[in-house]
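The values are calculated or read from the model by the stated rules, or taken from the named source; none is laboratory data. Keep in mind it's a predicted model, so treat the numbers as computed, not measured. Counting neighbours? That spans all protein chains shown, and the Cβs are built from the backbone with ideal geometry, glycine included.
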């Protein structure tokens with residue numbers, strides 16, 4: 001299949017941050033093959049998509065989420081963390097079955113496609129069901145089975161979660177034309193013993209798999225680590241050798257300057273989740289300090305139970321706003337930086353130079369935004385418009401791997417009514 | 001004209017915060033006349049609006065803005081305050097003419113109607129042109145001519161701004177079936193001398209007019225006031241007798257506990273502008289402390305040059321999120337409180353019990369939200385959904401004073417293409 005995006009304003013997100021006007025972008029199969037001035041031959045054998053008064057940009061990469069938690073959206077809010085977790089979230093999650101997770105994932109994927117996300121980085125359980133939803137829907141995802149210590153033997157050879165992680169990675173990594181990649185997901189230092197973290201690390205290393213972990217999310221986690229291990233959570237993982245593997249560490253709200261140096265040294269990517277960190281009162285991550293140190297920072301929504309949506313435009317906006325207000329410095333995290341976190345930096349996190357920017361040879365993961373709304377007029381500086389004025393609903397077309405998955409409110413690969421019907425049934429069963 | 005909103009979920013925002021399901025709401029002329037269970041006779045002689053899978057709530061009240069500044073949207077961002085003001089905003093504003101302000105206002109009003117705002121509280125200049133845009137568009141507004149000291153005589157009898165304020169109030173207060181109300185707008189303590197503030201106060205008192213003022217927005221303003229007047233900005237205005245008139249004070253970021261007590265004592269309404277305060281690095285207003293003290297807090301977007309939109313759903317979201325994250329307390333500013341700030345509290349600020357909630361006898365300022373989007377599924381707790389999941393684009397119908405002004409992307413009273421055309425022309429002239 002060949003598509004021609006004609007007459008677009010293109011936010012390339014390339015290293016020069018070029019913005020091109022009246023531009024043709026040609027997609028052949030799963031790749032971008034041309035970006036430049038209009039040429040008549042581009043239209044040959046192409047489906048032409050008129051982009052007048054529209055803006056084309058790379059699809060957004062959601063750097064940290066738990067997609068089936070859409071099922072728990074707006075269920076428990078404005079509560080103490082312990083009450084929220086132990087009285088609401090965990091009891092509901094205990095009732096989950098594989099098919100619930102499948103439909104919850106489809107719901108989350110619909111939401112992501114409609115709001116411009118073309119790839120997400122996830123950690124949960126019933127991962128086969130999530131992978132199936134990814135495969136079916138056409139979105140791109142980096143998936144890990146979240147695991148924590150349990151009491152099954154000291155060498156963890158019969159550990160259910162770890163064995164599922166190994167099987168999951170072998171079964172799904174590289175599947176769906178490479179749209180699915182796998183990782184290992186040791187949950188966090190407060191749910192995984194040091195020995196278990198080592199076992200997970202070794203299993204991942206053997207398979208050449210990367211790591212996705214929660215790190216230093218709350219002050220409690222940070223203080224407990226100092227008390228229990230005599231070091232910060234980041235130093236703890238560093239010393240266990242986890243960071244020797246390619247790692248994405250979610251949150252990093254309480255990291256110290258020394259921790260930031262360790263993250264930089266080991267090329268750990270930090271997934272910043274401003275909405276979730278605010279809502280759960282975890283705190284404000286030192287993002288400007290991490291960027292300054294050269295750490296690769298990406299943006300995530302976290303699960304919809306603590307956000308309560310999977311709207312990356314909100315996260316871009318929050319990432320650009322909160323540091324300025326909290327540190328009284330209007331120059332912190334400018335619009336371009338926030339947009340990078342949601343695009344190219346996500347590609348880097350996945351070791352993929354062909355994701356997160358628009359240039360020939362890259363994957364055709366693209367989104368189109370309608371500029372014909374009052375809040376996008378006048379447009380003036382397009383990066384400012386995207387970070388400070390845009391709404392997720394401005395997205396009118398989402399393409400992944402060269403396939404249009406969403407256009408003007410319509411999902412091409414997902415039966416919306418069926419998913420809503422199933423979600424209603426599931427929620428009646430699992431929620432009080 | 002009679003309308004029947006049939007089978008709606010209704011967020012009443014009444015004192016019991018009732019949420020009604022499968023509800024009829026009947027509007028006759030400019031008022032709500034019925035709220036309750038479906039009755040066949042409600043449909044008689046009514047235009048029926050099917051609200052299945054839709055949510056009806058009071059229109060949002062934007063508590064502080066400068067609506068024509070939509071013209072400067074995305075023009076200058078991520079800059080130091082002084083650079084932003086003196087190198088970009090003021091030079092552009094100097095080129096403004098009355099007709100520019102008229103079209104800038106229409107653009108802002110379109111944006112507000114499309115995002116669920118039915119009333120806005122404004123301070124700017126060329127106020128006749130703003131009032132004309134309000135009259136024509138059908139929205140509701142509380143308007144004040146922003147004034148500051150200049151060098152024209154010590155008794156200010158020939159002060160252009162003050163005289164315009166008096167004329168504006170006399171000409172427009174109560175006009176357009178009462179949709180327009182007037183106020184006096186002394187800009188701020190750092191642009192108005194004490195003598196001038198007294199002159200404005202006296203002129204307003206003579207006419208029985210209320211006050212709209214910027215207050216304690218930045219640390220600089222706060223510290224300068226301590227140095228120049230030996231007291232805080234709030235105490236300064238209190239001592240000048242300004243708060244003896246009905247007052248809306250925008251920002252109040254740096255107010256002290258003593259200031260909060262003064263604001264409470266004088267029933268001053270505080271307009272909180274979280275987006276603008278973050279973006280301009282002004283700081284985080286002590287909103288929980290003000291609410292705790294019983295101060296009436298409302299929500300505003302500020303101008304689109306420092307936000308960069310007029311999206312009240314974003315402000316609701318920010319108001320609910322930022323206090324939690326900054327003060328590490330997930331119980332601060334819950335969803336209901338944030339929604340009150342954007343609705344009933346706005347009614348209170350205007351001395352209007354018939355605005356900001358849904359009950360018989362109230363003004364028919366109503367908005368309808370489409371719940372059939374992935375990010376609003378499952379709905380679970382409707383107030384959580386509105387504060388944490390919703391997007392402004394979920395608004396599918398906006399009614400002011402019993403008239404539908406916006407429905408499904410279409411503006412009933414404003415020629416969208418003409419406004420866009422004029423905005424383009426104006427921006428080419430006034431922006432570099």
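Which residue out of A:296, A:311 is within 14 Å of chain B (Cβ to nearest Cβ), touching a helix residue (DSSP H, G or I) at 6+ places or on another chain (Cβ under 9 Å) and within 20 Å of residue A:59 (Cα to Cα)? Outline the logic, then answer.
Numbers: A:296 fails: within 14 Å of chain B (Cβ to nearest Cβ).
Testing whether each residue is within 14 Å of chain B (Cβ to nearest Cβ), touching a helix residue (DSSP H, G or I) at 6+ places or on another chain (Cβ under 9 Å) and within 20 Å of residue A:59 (Cα to Cα) leaves just A:311.
Within the option set A:361, A:356, A:347, being touching a helix residue (DSSP H, G or I) at 6+ places or on another chain (Cβ under 6 Å) and either modelled with pLDDT of 95 or more or assigned to a loop (DSSP other than H, G, I, E, B) (or both) holds for one residue only, A:356.
Candidates are the residues of the range B:162-193 that are touching a residue at least 40 places away in the same chain (Cβ under 8 Å) and in a helix (DSSP H, G or I); the one that is surrounded by the fewest Cβ atoms within 10 Å (Cβ to Cβ) is B:171.
Within 12 Å of another protein chain (Cβ to nearest Cβ), in contact with a strand residue (DSSP E or B) (Cβ under 7 Å, 6 or more places away or on another chain) and in a loop (DSSP other than H, G, I, E, B): is that true of residue A:331 in this structure?
For residue A:331, the condition - within 12 Å of another protein chain (Cβ to nearest Cβ), in contact with a strand residue (DSSP E or B) (Cβ under 7 Å, 6 or more places away or on another chain) and in a loop (DSSP other than H, G, I, E, B) - is not met.
Taking the conditions (1) surrounded by fewer than 17 Cβ atoms within 10 Å (Cβ to Cβ); (2) without any contact (Cβ under 8 Å) to a residue 12 or more places away in the chain; (3) under 25 Å from the mean Cα position of the chain (by Cα); (4) within 14 Å of chain A (Cβ to nearest Cβ) in turn, residue B:78 satisfies each one other than (1).
Looking at the range A:137-160, which of its residues are touching a residue at least 24 places away in the same chain (Cβ under 8 Å) and not in a strand (DSSP E or B)?
Of the range A:137-160, the ones touching a residue at least 24 places away in the same chain (Cβ under 8 Å) are A:137-149, A:154-156, A:159.
Within the range A:137-160, A:137, A:138, A:139, A:148, A:149, A:154, A:155, A:156, A:159 meet the criteria.
Could we say that residue A:321 is within 12 Å of another protein chain (Cβ to nearest Cβ), over 30 Å from residue A:138 (Cβ atoms) and within 19 Å of the chain's Cα centre (by Cα) here? No: the conditions fail for residue A:321. Residue A:134 meets the conditions (1) touching a strand residue (DSSP E or B) at 6+ places or on another chain (Cβ under 6 Å); (2) free of Cβ contacts under 8 Å to residues at least 60 places away in the same chain; (3) within 14 Å of chain B (Cβ to nearest Cβ) in every case but one. The failed one is (3).
Please determine, by comparing only the residues of the range A:275-285 that are crowded, with 23+ Cβ neighbours inside 10 Å and over 20 Å from residue A:344 (Cβ atoms), which one is nearest to the other protein chains (Cβ to nearest Cβ). Don't jump to the end; show me each part of the working.
Our first condition is that a residue be crowded, with 23+ Cβ neighbours inside 10 Å; within the range A:275-285, this holds for A:275-280, A:282, A:285.
Going one step further and asking which of them are over 20 Å from residue A:344 (Cβ atoms), we end up with A:275-280, A:282.
On the way: A:275: 7, A:276: 10, A:277: 6, A:278: 3, A:279: 6, A:280: 6, A:282: 7 Å.
So the residue we want is A:278.
Within the range B:26-48, none of the residues are outside any strand (DSSP E or B) and touching a helix residue (DSSP H, G or I) at 6+ places or on another chain (Cβ under 9 Å).
Does residue A:104 satisfy the condition of being more than 9 Å from chain B (Cβ to nearest Cβ) and within 23 Å of the chain's Cα centre (by Cα)? So residue A:104 fits the description; yes.
Within the range A:115-130, which residues are outside any strand (DSSP E or B) and crowded, with 24+ Cβ neighbours inside 10 Å? A:115, A:116, A:127, A:130 - these are the residues of the range A:115-130 that are outside any strand (DSSP E or B) and crowded, with 24+ Cβ neighbours inside 10 Å.
Please go through the range B:164-194 and give me each residue that is in contact with a strand residue (DSSP E or B) (Cβ under 6 Å, 6 or more places away or on another chain) and closer than 13 Å to residue B:242 by Cβ, ordered by number. If the condition is that a residue be in contact with a strand residue (DSSP E or B) (Cβ under 6 Å, 6 or more places away or on another chain) and closer than 13 Å to residue B:242 by Cβ, then B:183, B:184, B:185, B:186, B:187, B:188, B:192 are the ones that fit.
Kindly indicate which of A:233, A:194, A:210 is assigned by TED's automatic domain parsing to the domain that holds residue A:319 and more than 23 Å from the chain's Cα centre (by Cα).
Result of the check over A:233, A:194, A:210: A:194.
Looking across the range B:45-72, the residues that are within 23 Å of residue B:147 (Cα to Cα) and within 12 Å of chain A (Cβ to nearest Cβ) come down to B:67, B:69, B:70, B:71, B:72. Within the option set A:72, A:56, A:96, being under 27 Å from residue A:298 (Cα atoms) and in contact with a helix residue (DSSP H, G or I) (Cβ under 8 Å, 6 or more places away or on another chain) holds for one residue only, A:72. Applying the condition of being out of contact with any helix residue (DSSP H, G or I) (no Cβ under 9 Å at 6 or more places or on another chain) and away from chain A (no Cβ under 14 Å) to the range B:194-223 and asking which residue is surrounded by the fewest Cβ atoms within 10 Å (Cβ to Cβ) yields B:208.
When you go through A:121, A:139, A:109 one by one, which is the residue that is under 16 Å from the mean Cα position of the chain (by Cα) and under 26 Å from residue A:194 (Cβ atoms)?
Numbers: A:139 fails: under 26 Å from residue A:194 (Cβ atoms); A:109 fails: under 26 Å from residue A:194 (Cβ atoms).
None of the others qualify; the one that does is A:121.
Examine the range B:58-71 for a residue that is surrounded by fewer than 21 Cβ atoms within 10 Å (Cβ to Cβ), part of a loop (DSSP other than H, G, I, E, B), modelled with pLDDT of 95 or more and in the same structural domain as residue B:184 (by TED's automatic domain parsing), and state whether such a residue exists. Can you show your working first?
Residues of the range B:58-71 that are surrounded by fewer than 21 Cβ atoms within 10 Å (Cβ to Cβ), as a first pass: none.
Scanning the range B:58-71, I find no residue that is surrounded by fewer than 21 Cβ atoms within 10 Å (Cβ to Cβ), part of a loop (DSSP other than H, G, I, E, B), modelled with pLDDT of 95 or more and in the same structural domain as residue B:184 (by TED's automatic domain parsing), so the answer is no.
Return yes or no: is residue B:197 in a helix (DSSP H, G or I), over 14 Å from residue B:253 (Cα atoms) and touching a strand residue (DSSP E or B) at 6+ places or on another chain (Cβ under 6 Å)? Spelling it out, residue B:197 is indeed in a helix (DSSP H, G or I), over 14 Å from residue B:253 (Cα atoms) and touching a strand residue (DSSP E or B) at 6+ places or on another chain (Cβ under 6 Å). Among the residues making up the range B:304-327, those that are surrounded by fewer than 24 Cβ atoms within 10 Å (Cβ to Cβ) and closer than 17 Å to residue B:292 by Cα are B:324, B:327.
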